[in-house]
Every structure is written in structure tokens, then in C-alpha cells.
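The values are calculated or read from the model by the stated rules, or taken from the named source; none is laboratory data. These figures come from a predicted structure and were not determined experimentally. Cβ atoms come from the backbone with ideal geometry, glycine included; neighbour counts cover every protein chain shown.
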């Protein structure tokens, strides 16, 4: 009895500490009120739906709940996908199209800003005009925007130089501030990847400074032990710095919600059948549990709702690994469980009051 009592008391103390920490830490830009988490859906027009064909069979078309935010991607220096629709073999991207679509008039926008190979050029000021153009566009969006600057900076596939990356991050933030942009939260996103993240470098090497980072972020695709360990390190750093955290990218890699299978992420071999209940138990249950257990600091959650198999970048012959199909709407059991989960009062979806609740 003594052991059980002490264990229970320890759990209560931990919860009290987390609650106190959430109260002490100042609320960040566009951070939901305590106890709430903002749901974002991505990551291309077809995935989120709500557009004309062929992008009219996505999340909002089948789930029927407009998400609190949607994800898109832009790249420097060309700013592809900002004013005109573009497809880079991974679905249609069109930031202005999202802003103009009344379906998403009450949703925030999360932007992944890609500049692989450009960090030294940006740091040297050679892309200031493009950054200023992006800043003016963001200001004109007239809604909360989360800008993931050089997302997954520590992914070995991006090959970002840490010093140049930090300088480019700092320069982009400075130019946004000089342009008077008030509706943009700057997100510093680690890949937290147990597969291809850097094994010998610490994420601190890429940290551009407390004064320019509003949010920290991470990616989560595998419920593996190392995935949890790497995420724990990111969350510990965020707690140390007093920054809220955003799940910037998440999807059940290796699972196919349409065909009800699970395959090796390395080339898609060794397919095995899984029931929808098993898929939910395998991936969604531990994923939701983790973000909810850490909700005092994990404040925004972005899910990737896409049929990866259908896209040239991610589909056969799976040169970039096997990703599967992460659409929640293609199986009735998974869809029902998803709607039940994200319809609770703890999750923020689109509403006329959403922007006000986020302090915008």
C-alpha cells in the first residue's frame, strides 16, 4: 500500500508541476489557452480538400469538420506555391488559394519554408527582396500564420550548415519585424527523426536564439523508442527555454489506412494485414496519448492526411521510403474514432471565435 500511495502521490505532484509550469510560462504568440490544443491538417490541397477537382476529395470533404489550421509549403528563392499553384510531385500547393477559399476563412495557416542549399545566400542578404515579398504577403493574409523556417533543420537529407542556418533564421525574422509583420509566429522545427537525423550533433548547434524563436517544433512518424527519446529531448529544451511546442508534421508512416496494411518503411516490403482497430491501437492511440500527456507545452498539432502512395515523390518505387496512406477518412472505423477524438472540447477546430481565442 505504501508503494502504491507514493506512486500515486508522485503522479499527482508531476501533474501539479506541469500545471504550474504552464501557468508560470507566459503565453506565446497564438498559443491556445491552457487545456486546449489547436488542430492543423496538411499538407497539400488534395489532402485538405475543399477545392475544385481534383482537390475536392480531402479531409474537409469527408470528415466534415473544418480544421483549426491548414499546412502548405513555400520555397526560397522562387517562393513557389505562394501566388500560383505548383506541384512538385507531392500534391498541389497554393498558399493564396487557401487564403482566398472561404472554407478556410476561420483557419490559421502553417507554412513550411524550404530553402535547402540557400542558407548561406539568405544569411548574406542576397535574398532579402524575396523575404520581404513573403513578409508582405504574410501580413496581407490577415490571420495567424506559423512560419516553420528551414523546417527539419537537423535532418541529414537537408544538409543545412548550422551557422549559416542560424544566421538565415535570424535574418528572416529581422526582415519580417522591419516590415511590421505582427501576425506571424516563428517556428524552429527539429526532425526528431530516429531514421535519418544527425546522430553526432546536438540540436543546440542549430538554435538561432531565444529572441527570434517563438515556438519549437518536431516531426513524429514512428512510435519507436528512439522517436520518443528524441522528442523528449526537444521538449526538455523547450521547457528550459520557456517555449511552446508544435507538432509540425505527423503521420503513421508504414501504415495504409485504405488497404489496411503495415509495411516496412524501407522500401515497402513485407506487407502484413492490419485491422482498423489494430492500426488505431498501433499508431494513433500512443500518438494522441503523447501529445495529450504533454499538452501543457505541446499546444499545436499538425497531422498529414494524405495518400502518399499516389504521389510521385513518395509512391512506387519508394525511393524516399514507404509512407503508405494516412487519410483518416478512407476507413469508416478510423474516421469514426478520429472524429470522436478531435470533436472533444480540448481540441480547437475552425470557428468564428478561433482567431480571438488565439489572441489575434
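Restricting to the range 285-314, what's the tally of residues that are more than 16 Å from the chain's Cα centre (by Cα) and part of a helix (DSSP H, G or I)?
7
Name the residue that is nearest to residue 255 (Cα to Cα), counting only residues in the range 334-360 that are out of contact with any strand residue (DSSP E or B) (no Cβ under 8 Å at 6 or more places or on another chain) and crowded, with 17+ Cβ neighbours inside 10 Å.
Here the answer is 334.
Here are some residues: 83, 93, 76. Which one is surrounded by fewer than 21 Cβ atoms within 10 Å (Cβ to Cβ), touching a residue at least 12 places away in the same chain (Cβ under 8 Å) and over 14 Å from residue 146 (Cβ atoms)?
After applying the criteria, what remains is 83.
Given the conditions (1) under 20 Å from the mean Cα position of the chain (by Cα); (2) assigned to a loop (DSSP other than H, G, I, E, B); (3) modelled with pLDDT of 95 or more, report the number of the one that residue 344 does not fulfil.
Residue 344 satisfies all of (1) under 20 Å from the mean Cα position of the chain (by Cα); (2) assigned to a loop (DSSP other than H, G, I, E, B); (3) modelled with pLDDT of 95 or more except (1).
Only one of these conditions is not met by residue 286: (1) over 24 Å from residue 340 (Cα atoms); (2) at pLDDT 95 or above. Which number is it?
Failed condition: (1).
Are there helices (runs of 4 or more DSSP H) fully within the range 1-114 with at least 3 residues that are at pLDDT below 95 and more than 20 Å from residue 339 (Cβ to Cβ)? List them.
2-24
Test of understanding: among 181, 213, 195, which residue is in contact with a strand residue (DSSP E or B) (Cβ under 9 Å, 6 or more places away or on another chain) and either surrounded by fewer than 19 Cβ atoms within 10 Å (Cβ to Cβ) or within 13 Å of residue 134 (Cα to Cα) (or both)?
Step by step, each of 181, 213, 195 is checked, and only 181 is in contact with a strand residue (DSSP E or B) (Cβ under 9 Å, 6 or more places away or on another chain) and either surrounded by fewer than 19 Cβ atoms within 10 Å (Cβ to Cβ) or within 13 Å of residue 134 (Cα to Cα) (or both).
Residues that are within 17 Å of residue 122 (Cα to Cα) and out of contact with any helix residue (DSSP H, G or I) (no Cβ under 6 Å at 6 or more places or on another chain): list the strands (runs of 3 or more DSSP E) wholly contained in the range 142-229 that include at least 2 such residues.
145-149
Regarding residue 274, is this residue without any contact (Cβ under 8 Å) to a residue 24 or more places away in the chain, touching a strand residue (DSSP E or B) at 6+ places or on another chain (Cβ under 8 Å) and more than 27 Å from residue 109 (Cβ to Cβ)?
yes
Checking the condition surrounded by 22 or more Cβ atoms within 10 Å (Cβ to Cβ) and out of contact with any strand residue (DSSP E or B) (no Cβ under 6 Å at 6 or more places or on another chain), which residue from 218, 255, 290 passes?
Selected residue: 218, the only one of 218, 255, 290 that is surrounded by 22 or more Cβ atoms within 10 Å (Cβ to Cβ) and out of contact with any strand residue (DSSP E or B) (no Cβ under 6 Å at 6 or more places or on another chain).
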